[in-house]
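Working notes, structure below.
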Amino acid sequence: PGTAGAATAAEATAQPALELSSMDVRRAAGAAALGAFFSGLVYPRVYAVLDARWPGTTARAVCSKTAADIALLGTVGNSFSIGCRLRIGGEQLPEVLVALRDTMPAVLLNELRVWLPYNLLAFRLVPTPVRPATTSLVTLCWQVYISWTAHHHQAPVA
């Protein structure tokens with residue numbers, strides 16, 4: 001419930017920036033489902049696999065976990081999230097693919113700006129039991145950005 005609520009809050013925060021005249025309930029519900037999926041299933045499993053594959057807080061382990069997280073969630077995770085948001089918003093697959101082609105380079109650059117430093121610090125300094133809370137906070141902010149990015153391209157794509 002908390003993750004879905006946080007995702008809905010992220011969507012509600014992004015919608016005024018998109019100059020929508022009222023809350024789009026379908027998009028907010030879709031954001032809640034995506035938030036629950038990522039925060040409830042994807043992130044915990046990915047981080048558990050990374051911690052199992054590269055245990056500890058050595059420089060090698062921290063850098064390996066960070067690189068793997070960005071390679072997987074930065075590409076597949078963000079593409080899936082943006083694509084789902086666009087489909088929920090009514091875009092057809094060809095328009096979604098064009099929007100992903102156009103947005104993903106900037107998203108990946110911002111992924112490096114946000115998640116690279118966060119992961120380096122989190123994997124090195126944040127105790128494993130506390131990490132879900134800190135990751136959720138960063139994720140909430142990230143989802144506002146992802147929602148804005150996805151819906152900034154809602155206009156028909158030529």
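The table below gives the values:
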item	result
Single match in Val138, Val130, Val98, Val126 (criterion: open to solvent by 30 Å² or more (accessible area, probe 1.4 Å), more than 18 Å from Lys65 (Cβ to Cβ), aliphatic (A, V, I, L, M) and modelled with pLDDT of 90 or more)	Val98
Options Arg53, Arg26; residue that is surrounded by fewer than 20 Cβ atoms within 10 Å (Cβ to Cβ) and at pLDDT 90 or above	Arg53
Odd one out for Gly89, checked against (1) at positive phi; (2) surrounded by 15 or more Cβ atoms within 10 Å (Cβ to Cβ)	(1)
Of the criteria (1) touching a residue at least 12 places away in the same chain (Cβ under 8 Å); (2) farther than 17 Å from Thr149 by Cα, which one Pro117 fails	(1)
Members of segment 69-108 that are under 23 Å from Ala36 (Cβ atoms) and of a type in the set (Ser, Thr, Tyr)	Thr75, Ser79, Ser81
Search result, residues across segment 78-99 that are farther than 25 Å from Tyr47 by Cβ and in a helix (DSSP H, G or I)	Leu86, Arg87, Ile88, Leu93, Pro94, Glu95, Val96, Leu97, Val98, Ala99
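Conditions tested, residue by residue: (1) without any contact (Cβ under 8 Å) to a residue 60 or more places away in the chain; (2) under 14 Å from the mean Cα position of the chain (by Cα); (3) in a helix (DSSP H, G or I).
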| position | (1), (2), (3) |
| --- | --- |
| Ser64 | yes, no, yes |
| Gly74 | yes, yes, yes |
| Leu112 | yes, yes, yes |
| Thr135 | no, yes, yes |
| Val138 | yes, yes, yes |
| Gln143 | no, yes, yes |
| Ile146 | no, yes, yes |
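The values are calculated or read from the model by the stated rules, or taken from the named source; none is laboratory data. These figures come from a predicted structure and were not determined experimentally. Here the Cβ is made from the backbone with ideal geometry for all residues, glycine too, and neighbour counts use every protein chain on show. Just so you know, the surface numbers come from the protein's heavy atoms only, side chains and all, with ligands and any DNA or RNA stripped out. Shrake-Rupley method; radii C 1.70, N 1.55, O 1.52, S 1.80 Å.
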